[in-house]
Amino acid sequence: MARKKIALIGAGNIGGTLAHLAASKELGDVVLFDVVEGVPQGKALDLAHCAPVEGFDVELKGTNDYSDIAGADVIIVTAGVARKPGMSRDDLLGINLKVMKAVGEGIAANAPNAFVICITNPLDAMVWALREFSGLPHHMVVGMAGVLDSARFRHFLADEFKVSVQDVTAFVLGGHGDTMVPVVEYSTVAGIPIPDLIEMGWSTKERIDAIVQRTRSGGGEIVALLKTGSAYYAPATSGIEMAEAYLKDKKRVLPAAVNLTSQYGVSDLYVGVPVVIGAGGVEKIVEIKLNDEAKANFQVSVDAVKELLVACKNIDGSLA
Ligand SMILES: NC(=O)C1=CN([C@@H]2O[C@H](COP(=O)(O)OP(=O)(O)OC[C@H]3O[C@@H](n4cnc5c(N)ncnc54)[C@H](O)[C@@H]3O)[C@@H](O)[C@H]2O)C=CC1
Ligand SMILES: O=C([O-])CC(=O)C(=O)O
């Protein structure tokens, strides 16, 4: 059986980490694309030298030519700029919107049948714009943020409860910004909801509120520490989890930014909600019941994403 093909658009910090993970998991042959000459080629060669040590058999190719992504099964987009201390993700919108136009056109011309995972920030607006520029079907274009935000929430909760991260489930919904919505009621330890654990004396509402806040600003905490850019290990492994769900038809239930068509009372907007990802791309949008507080917070987040789409349309008239 021929190997699958994974194209990574952007060979920076996340792109390089994605390439390593995809190769070491033998998800398929890997093409690393970037506009900077030499960087994708150098990273691909360096990673190919890992193969004899790690024992993976896949081809790794670096390129500056879009025609090399032809036939890709999965494309993960990290092209663009990352924020530095003092910036918000939204400050990246102007530059990264132009990048999404070039990337969308490159995908449309060379790999229109791929399942596309966008990671570039500000995520919800960029995945929407990438879909518009590429013209691919909505169910084949998703944004990665919820898996990462939920992983951060799970890490902090496992630390609080002194239990394995494996036994902690959590959902973070909404846009990938300060307004994201970690849903405490649907977060559990081995199926026991957090509110019950508070009643059982495992933690307090105040401590969980602080964890929710730390989750919301999790990206910013890392930017402030790194100073030169933003998180990349956890974002990459989160993108790979989504790619694997598609490539292996796993039908994973994962939070992802997808195009809503009336679910949660929202239409024509990409925002984070739980979905089923399998060989059909986004196979189902899961509409969970939210309590009044979560509903109101979700609406605030949706409104923040709407504002970003207005900004995109003002910058690029073809999106209006
Ligand atoms: N959705 C999420 O949860 C997360 C999103 N991000 C975002 O992911 C993006 C990438 O982050 P990093 O890899 O750390 O940044 P990076 O700066 O290390 O890499 C970005 C790469 O994109 C390349 N690039 C720029 N314009 C391009 C174009 N037109 N075509 C192809 N490549 C192009 C650059 O040359 C660079 O190699 C940023 O926008 C960042 O904010 C980062 C972490 C989490
Ligand atoms: O914070 C950033 O700029 C990068 C990002 O989206 C994250 O790590 O969640």
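Tabulated results
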read-out	value
Pairs where the first residue, in the stretch 280-298, is among the acidic types (Asp, Glu) and the second is in a helix (DSSP H, G or I) and surrounded by 13 or more Cβ atoms within 10 Å (Cβ to Cβ), C-beta under 8 Å, 6+ apart	GLU283/HIS139; GLU287/GLN263; GLU287/TYR264
Residue among ASP91, ASP124 that is within 13 Å of ligand 2 (Cβ to nearest atom) and either farther than 26 Å from GLU244 by Cα or surrounded by fewer than 19 Cβ atoms within 10 Å (Cβ to Cβ) (or both)	ASP91
Only listed residue being of a type outside the set (A, V, I, L, M), within 22 Å of LEU226 (Cα to Cα) and out of contact with any Pro (no Cβ under 8 Å at 6 or more places or on another chain), chosen from ASN110, ASN121, ASN96	ASN121
All strands (runs of 3 or more DSSP E) inside the stretch 115-190 with 2 or more residues being free of Cβ contacts under 8 Å to residues at least 24 places away in the same chain	168-173
Complete set of residues in the stretch 219-235 that are near ligand 2 (Cβ under 9 Å from one of its atoms) and either more than 15 Å from LEU123 (Cα to Cα) or acidic (Asp, Glu) (or both)	GLU221, ILE222, VAL223, GLY229, ALA234
Filtered residue count, the stretch 127-173, keeping only those that are more than 13 Å from ligand 1 (Cβ to nearest atom) and under 15 Å from ASN297 (Cα atoms)	2
Count - residues of the stretch 1-60 that are part of a loop (DSSP other than H, G, I, E, B), within 16 Å of ligand 1 (Cβ to nearest atom) and under 24 Å from ALA108 (Cβ atoms)	7
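Let's see how each residue does on (1) small (Gly, Ala, Ser); (2) more than 23 Å from GLY143 (Cβ to Cβ); (3) modelled with pLDDT of 95 or more; (4) not in a helix (DSSP H, G or I):
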| position | (1), (2), (3), (4) |
| --- | --- |
| ARG207 | no, yes, yes, no |
| LEU225 | no, yes, yes, no |
| SER238 | yes, no, yes, no |
| LEU254 | no, no, yes, yes |
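The values are calculated or read from the model by the stated rules, or taken from the named source; none is laboratory data. What you are looking at is a predicted structure, and each value in this text was computed from that prediction instead of being measured. Positions of Cβ are backbone-derived with ideal geometry, glycine not excepted, and every protein chain shown enters the neighbour counts.
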